[in-house]
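Report on the structure given below.
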Amino acid sequence: MCESNSNTNSDSGPMSSDNSTSTDTNTKQGQGQGKQRDTMHLTTALCFVTSTTFWLVCLFRYHPNAWYVFQNAFAILAVCFVADNTVACLAPSLKRRQVVMHYFLGWVQNLLYILLFVASPSRFEKVWTSLFFGYYLFTWIMMLTQKAEFFFMFRLFYTIHHASAFFITGSWMIVSPCCFLDDNVFIYRAIVIWLSAEIWNDGLNTYRGIRPKTDKNMLRRMKTVVFVMERIHRSIAYFQPLTVPATQHNILMWVVLGTGLWNDTLDVSFQLKSLCKHYREAKQQSEEKRRGSHLEVEVAVEEKEEVMTRNATAETESDIVLDA
């Protein structure tokens, strides 16, 4: 009995050490991911404070209707929170609700840009800044207060994207006073086309959030089409200066075009990375499926050969019995 106990203890030694090693590894990985999340949260907070402060300084220093924009922006922010809480009550089982609401409200925002400009370019000029700031502020607050609901790459991209957008639109406000008396309708037309281009991506990601079990191959094709459509949509904005005489071109136009190109470069880099990842995964899956089918064929051939061998052996044995 003593020997069996000692053997049992000695046999369990390596297994316990292996388990402790794997546990330590998992613990270290969890700690590393936790540090990464904490660093990302701190980065998001710093970018929020810096870019928002810059944007508000530009608003109150250079915008002719600063308080009007500020008050309407907080009204838009309140509407976003009401919409989010309404969906939470009506669809409690919706997974990643905050992510879905981000894209859905973005889709609504872009649709409103288009409708406002079609109805009245002057009305769009007065209202679009409030729509922009209110909605972006909603996303900032959600990422900071409910970070666990947003996956890492989402927070990384939109931290960079929103900070960049605040600095870009803030620079527009700095430059706009020098061109206030000019005919800037073509610039605002370019702005509404440029801003509303995200309606394609927002619509796709809203659909993806509501229908998470969509076939991956279909989703990959949809992402490719949306990427192309968004690039075409946004490219049209850069041709708007060609629709007016060169005498109407001013500093605001060049600042809008230049900063827009910078933001587009950022968007394209992330979107191409995402598309490449999808196509790479699809390629790996097809190769694995192909290897699996080859293995199945090889196994089938081997089984067939084994059956034929057994049949031949059985026939030979029967001939021997008959001869005997």
Task: Subset of segment 138-165 that is of a type in the set (A, V, I, L, M), farther than 20 Å from residue 194 by Cα and modelled with pLDDT of 90 or more - its residue that is surrounded by the most Cβ atoms within 10 Å (Cβ to Cβ) - done: 143
Open item on the list: It is to be established whether one or more residues within segment 227-250 are touching a Pro at 6+ places or on another chain (Cβ under 9 Å) and touching a residue at least 12 places away in the same chain (Cβ under 8 Å).
Closed with: yes
Task: Matching residues, segment 261-291, being modelled with pLDDT of 85 or more and more than 25 Å from residue 222 (Cα to Cα) - done: 262
- [ ] Please go through segment 100-131 and pick out each residue that is among the small types (Gly, Ala, Ser) and part of a helix (DSSP H, G or I).
- [x] 106, 119, 122, 130
Task: Residue list for segment 223-251, filter: touching a Leu at 6+ places or on another chain (Cβ under 8 Å) and open to solvent by 50 Å² or more (accessible area, probe 1.4 Å) - done: 238
TODO: Could you tell me which numbered condition residue 182 fails, if it satisfies all but one of (1) under 30 Å from residue 88 (Cα atoms); (2) open to solvent by 30 Å² or more (accessible area, probe 1.4 Å); (3) in a loop (DSSP other than H, G, I, E, B)?
DONE: (1)
Task: Options 60, 104, 124; residue that is open to solvent by 10 Å² or more (accessible area, probe 1.4 Å) and touching a residue at least 12 places away in the same chain (Cβ under 8 Å) - done: 104
Task: Only one of 53, 39, 43 that is open to solvent by 50 Å² or more (accessible area, probe 1.4 Å), farther than 24 Å from residue 212 by Cβ, at pLDDT 95 or above and part of a helix (DSSP H, G or I) - done: 53
- [ ] For segment 188-199, state whether one or more residues are open to solvent by 70 Å² or more (accessible area, probe 1.4 Å), over 17 Å from residue 261 (Cβ atoms) and modelled with pLDDT of 90 or more.
- [x] no
- [ ] Mind telling me which of the residues 209, 134 ends up being in a helix (DSSP H, G or I), under 23 Å from the mean Cα position of the chain (by Cα), modelled with pLDDT of 95 or more and small (Gly, Ala, Ser)?
- [x] 134
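Conditions tested, residue by residue: (1) among the hydrophobic types (A, V, I, L, M, F, W, C); (2) touching a strand residue (DSSP E or B) at 6+ places or on another chain (Cβ under 9 Å); (3) within 17 Å of residue 256 (Cβ to Cβ).
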| position | (1), (2), (3) |
| --- | --- |
| 147 | no, no, no |
| 154 | yes, no, no |
| 161 | no, no, no |
| 173 | yes, no, yes |
| 176 | no, no, yes |
| 182 | no, no, yes |
Task: Any pair with Cβ under 9 angstrom, 6 or more apart, that starts in segment 260-288 at a residue that is open to solvent by 60 Å² or more (accessible area, probe 1.4 Å) and ends at one that is among the basic types (Lys, Arg) - done: 279/220; 281/216; 281/220; 285/216
Task: Leading residue by the ranking (farthest from the chain's Cα centre (by Cα)) among those in segment 85-100 that are surrounded by 12 or more Cβ atoms within 10 Å (Cβ to Cβ) and touching a residue at least 40 places away in the same chain (Cβ under 8 Å) - done: 94
TODO: Identify, from the list 66, 73, the residue that is modelled with pLDDT of 95 or more, surrounded by 14 or more Cβ atoms within 10 Å (Cβ to Cβ) and touching a helix residue (DSSP H, G or I) at 6+ places or on another chain (Cβ under 7 Å).
DONE: 73
Open item on the list: Here are the criteria: (1) in contact (Cβ under 8 Å) with a residue 24 or more places away in the chain; (2) open to solvent by less than 70 Å² (accessible area, probe 1.4 Å); (3) closer than 25 Å to residue 278 by Cα. Tell me which single one residue 210 does not satisfy.
Closed with: (2)
Open item on the list: Taking the conditions exactly as written (assigned to a loop (DSSP other than H, G, I, E, B) and of a type outside the set (Lys, Arg)), does residue 59 satisfy them or not?
Closed with: no
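The values are calculated or read from the model by the stated rules, or taken from the named source; none is laboratory data. All figures in this text were calculated on a predicted structure; none of them were measured in a lab. Glycine gets a Cβ as well: all are built from the backbone with ideal geometry, and neighbour counts include every protein chain shown. Surface areas here come from the heavy atoms of the whole protein model, side chains and all, with no ligands, DNA or RNA. Shrake-Rupley method; radii C 1.70, N 1.55, O 1.52, S 1.80 Å.
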